[in-house]
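*Asks:* Sharing a structure below in structure tokens format, with a few things to ask.
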Amino acid sequence: MTFQKYASLYIKLNEDDWKPSYLDKNKGIVETRFEAFKDMDIKDLHASDIKLWYKNIDDVGNKSKRNYLSVLKGILDVALHDEVIQKNPMIHVKFPKYKAPRIHPFSADEVKMILEASKDLNFNFVYYLAMGFYAGMRTGEILALKRNEVDLKKRMISIKSTRSRFGEGTPKTFGSKRTIPILDSLYPYIVKMLENCNTKYVLTNQYDRPYRDSHVFCTYWWKPLLESLKLPYRRIYDTRHTFATNMLYRELCSPAELAQYLGHSNVQMVYEVYVSYLDSHFDKFDRSIAIYS
């Protein structure tokens with residue numbers, strides 16, 4: 001049986017279990033990255049073929065390469081489980097190392113500058129920034145938030161869903177479904193947003209529909225705003241990173257509490273991303289402290 005047939009079977013077997021975004025990504029990899037193997041009998045695909053193919057990939061970084069190899073392994077596993085091949089040649093192929101890029105959160109002064117300068121812009125954009133800087137919510141979680149998930153009396157937000165260009169679905173992980181407190185600094189933004197909104201969703205466009213993604217915010221307001229303030233460009237997602245690092249840096253919560261607040265399934269991500277970031281800033285460490293006084 002050809003490689004292409006097993007590639008199609010791999011997608012078919014998993015499409016009901018994968019989230020739409022993950023399905024779309026893997027379909028794209030299958031359709032565009034395995035041309036060299038397409039017509040081969042899958043029994044004839046050896047580790048050396050895979051290594052030569054991999055060696056010639058020069059248009060993407062290691063993160064994408066790891067994704068390609070992961071899909072390839074999955075395809076070959078299907079053939080292995082069907083006993084069409086005796087072993088998966090991927091056992092002889094090393095995955096490239098990948099280190100996530102360092103985060104670049106905004107300083108407290110930069111946050112104040114951004115929020116002050118955004119006051120005269122679209123209020124949906126202002127609200128979006130506030131939810132990132134003061135709640136650390138993911139982009140899709142902000143866009144999916146509904147009026148009945150905001151409890152002003154108890155001052156709590158229930159995060160139950162997420163939105164993307166593929167539609168609405170469940171949050172990223174099991175731990176992403178959570179309830180978080182509305183901080184005093186966020187409360188006025190929430191109140192004003194609810195007063196200005198008469199739809200199911202808290203954040204809607206001019207057609208009273210929820211936003212599909214953050215593209216409009218980034219294109220029309222975020223990038224020009226940073227340019228006007230002469231701040232280096234960073235993704236709008238870095239509002240979440242800024243919330244997280246400041247919560248830890250100012251000792252407003254423990255790493256375990258932050259993991260729960262951010263919707264991580266465990267504290268590992270907090271230690272790998274945020275604690276390590278803070279550890280690299282010992283140049284600002286207070287050297288006058290008396291340890292044993």
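*Asks:* Which of the residues that make up region 85-138 are closer than 29 Å to PRO210 by Cα and surrounded by fewer than 12 Cβ atoms within 10 Å (Cβ to Cβ)?
*Replies:* GLU116, LYS119, ASP120
*Asks:* Could I ask something else about it? Would you check if GLY169 is at pLDDT below 90 and either surrounded by 18 or more Cβ atoms within 10 Å (Cβ to Cβ) or among the small types (Gly, Ala, Ser) (or both)?
*Replies:* Details: at pLDDT below 90: yes; either surrounded by 18 or more Cβ atoms within 10 Å (Cβ to Cβ) or among the small types (Gly, Ala, Ser) (or both): yes.
Taking the combined requirement at face value, the residue satisfies it.
*Asks:* Of all residues in region 63-90, which are closer than 21 Å to GLU15 by Cβ and of a type in the set (Lys, Arg)?
*Replies:* LYS73
*Asks:* Looking at LEU115, LEU129, LEU80, can you tell me which residue is under 26 Å from the mean Cα position of the chain (by Cα) and without any contact (Cβ under 8 Å) to a residue 60 or more places away in the chain?
*Replies:* Working: LEU129 fails: without any contact (Cβ under 8 Å) to a residue 60 or more places away in the chain; LEU80 fails: under 26 Å from the mean Cα position of the chain (by Cα).
Among LEU115, LEU129, LEU80, only LEU115 is under 26 Å from the mean Cα position of the chain (by Cα) and without any contact (Cβ under 8 Å) to a residue 60 or more places away in the chain.
*Asks:* Counting only residues that are more than 31 Å from the chain's Cα centre (by Cα) and of a type in the set (Asp, Glu), which one in region 22-69 is modelled with the lowest pLDDT?
*Replies:* So the first thing to find is which residues in region 22-69 are more than 31 Å from the chain's Cα centre (by Cα), and the list is 36-49, 52.
Next, from what is left, pick out any that are of a type in the set (Asp, Glu): 39, 41, 44, 49.
Details: ASP39: 93, ASP41: 96, ASP44: 96, ASP49: 96.
Out of the qualifying residues, it is ASP39.
Per-residue answers, yes or no, for (1) in a loop (DSSP other than H, G, I, E, B); (2) under 30 Å from LYS223 (Cβ atoms):
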{"position": "LEU9", "(1), (2)": "no, no"}
{"position": "ASP17", "(1), (2)": "yes, no"}
{"position": "LYS43", "(1), (2)": "no, no"}
{"position": "LYS51", "(1), (2)": "no, no"}
{"position": "LYS87", "(1), (2)": "yes, no"}
{"position": "ILE91", "(1), (2)": "no, no"}
{"position": "LYS94", "(1), (2)": "yes, no"}
{"position": "LYS99", "(1), (2)": "yes, yes"}
{"position": "ILE114", "(1), (2)": "no, yes"}
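*Asks:* Right, here's the next one. (1) over 23 Å from the mean Cα position of the chain (by Cα); (2) surrounded by 13 or more Cβ atoms within 10 Å (Cβ to Cβ); (3) not hydrophobic (A, V, I, L, M, F, W, C): which one isn't true of THR162, the others all being true?
*Replies:* The failed condition is (1).
The values are calculated or read from the model by the stated rules, or taken from the named source; none is laboratory data. This is a predicted model, so every value here is computed, not measured. So basically every Cβ, Gly included, is an ideal-geometry build from the backbone, and we count neighbours across all protein chains shown.
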